[in-house]
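To start, I am sharing the structure in question, which I have written as structure tokens.
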Amino acid sequence: MLKSKALQEQVKEIELLIRYAVEEGEQAIALEFLQTFQSDPFGLDVLREFYRTLPEAREEALLKISVLEQKEQVYLLLLSTSNHHYFYLANNEEGLFLGDWEKGLSNSQILSFFDYQDEEAFAKRHPTLEAGREYIAQERIDEDICPSCGVEVGSLHTLGCPVEVCPWCDGQLNHCNCRFEQLGVEELTDEKMLEQLEERLDSKGRIPYAREQRPSFLSE
Ligand SMILES: [Zn+2]
Ligand SMILES: [Zn+2]
């Protein structure tokens, strides 16, 4: 992909921030992570803010960006280093650090924006760090790519992708009950069942990724 000059400049700026803010042992990995976002303005903004306002100057590399909530172009992200995880709220214009994962999310305005009654409801929905999904570079600008499993328009999702539409009921394939009903089981317990399901799906005809499937809110 052709990179615009503005993006190149931004990458350079972040490289400098990394050299200044991150301890030597983690610089290589920080720079490598930066490279995955070199064509993604949103991702670059997040990285720049992270290194510019690095909470309490812990000198760690940012290793993962997860999406916890997503609504009306507002993202609630979790920014992870090897030892710490920070809540970060971002839209296309700006970002805001909301504190450490361990302390939970207590800002009632933000909780209610994402339709949570209170802090406990949020914690229940996000019991572990793995409850979010990984932010994929360019997902905000490239609608031709499934935001969850990364396949292109017209291709089949990776089996298990939460965006895949069920060919039997038009629901969410990994949420509806069709997969159990089709196999006549209560749950899918082994590899063999998955293979059977895949066969069933293939003969029914799986629904490939299309732009309309882009969710406004991915919960799992
Ligand atoms: Zn997918
Ligand atoms: Zn179904």
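The values are calculated or read from the model by the stated rules, or taken from the named source; none is laboratory data. No experiment lies behind these values; they were computed from the predicted model shown. Backbone-built Cβ (ideal geometry, glycine too); neighbour counts: all protein chains shown. We work out accessible area using only protein heavy atoms, side chains counted, and drop any ligands, DNA or RNA first. Shrake-Rupley method; radii C 1.70, N 1.55, O 1.52, S 1.80 Å.
Quick one: how many residues across region 7-37 are under 29 Å from residue 143 (Cβ atoms), polar (S, T, N, Q) and at pLDDT 90 or above?
Of the residues in that region, 3 qualify.
Answer yes or no as to whether residue 143 is touching a residue at least 24 places away in the same chain (Cβ under 8 Å), acidic (Asp, Glu), open to solvent by 60 Å² or more (accessible area, probe 1.4 Å) and in contact with a Lys or Arg (Cβ under 6 Å, 6 or more places away or on another chain).
Working: touching a residue at least 24 places away in the same chain (Cβ under 8 Å): yes; acidic (Asp, Glu): yes; open to solvent by 60 Å² or more (accessible area, probe 1.4 Å): yes; in contact with a Lys or Arg (Cβ under 6 Å, 6 or more places away or on another chain): yes.
Answer is yes for this residue.
Read through the list (1) within 30 Å of residue 123 (Cβ to Cβ); (2) open to solvent by less than 70 Å² (accessible area, probe 1.4 Å); (3) outside any helix (DSSP H, G or I), then give the number of the only condition that residue 39 fails.
The one condition residue 39 does not meet is (1).
A follow-up question, please. As an exercise: evaluate residue 175 against (1) more than 26 Å from residue 43 (Cβ to Cβ); (2) exposed (fewer than 11 other Cβ atoms within 10 Å of the Cβ); (3) within 16 Å of ligand 1 (Cβ to nearest atom) and give the number of the one condition it does not meet.
(2)
Within region 153-172, can you find the residues that are touching a residue at least 12 places away in the same chain (Cβ under 8 Å), surrounded by 13 or more Cβ atoms within 10 Å (Cβ to Cβ) and within 12 Å of ligand 1 (Cβ to nearest atom)?
Result: 153, 155, 156, 157, 159, 161, 162, 163, 164, 165.
Of the residues 120, 102, only one is in contact with a strand residue (DSSP E or B) (Cβ under 9 Å, 6 or more places away or on another chain) and part of a helix (DSSP H, G or I); which?
102
Of all residues in region 178-219 being among the hydrophobic types (A, V, I, L, M, F, W, C) and either within 19 Å of residue 146 (Cβ to Cβ) or assigned to a loop (DSSP other than H, G, I, E, B) (or both), which is most open to solvent (accessible area, probe 1.4 Å)? Please lay out each step first, then the result.
Start the filter on region 178-219 by keeping residues that are among the hydrophobic types (A, V, I, L, M, F, W, C), which leaves 178, 180, 183, 185, 188, 193-194, 197, 201, 207, 210, 217-218.
Subset that is either within 19 Å of residue 146 (Cβ to Cβ) or assigned to a loop (DSSP other than H, G, I, E, B) (or both): 185, 188, 201, 207, 210, 217-218.
Numbers: 185: 42, 188: 53, 201: 0, 207: 48, 210: 25, 217: 82, 218: 13 Å².
Looking at the filtered set, the residue picked out is 217.
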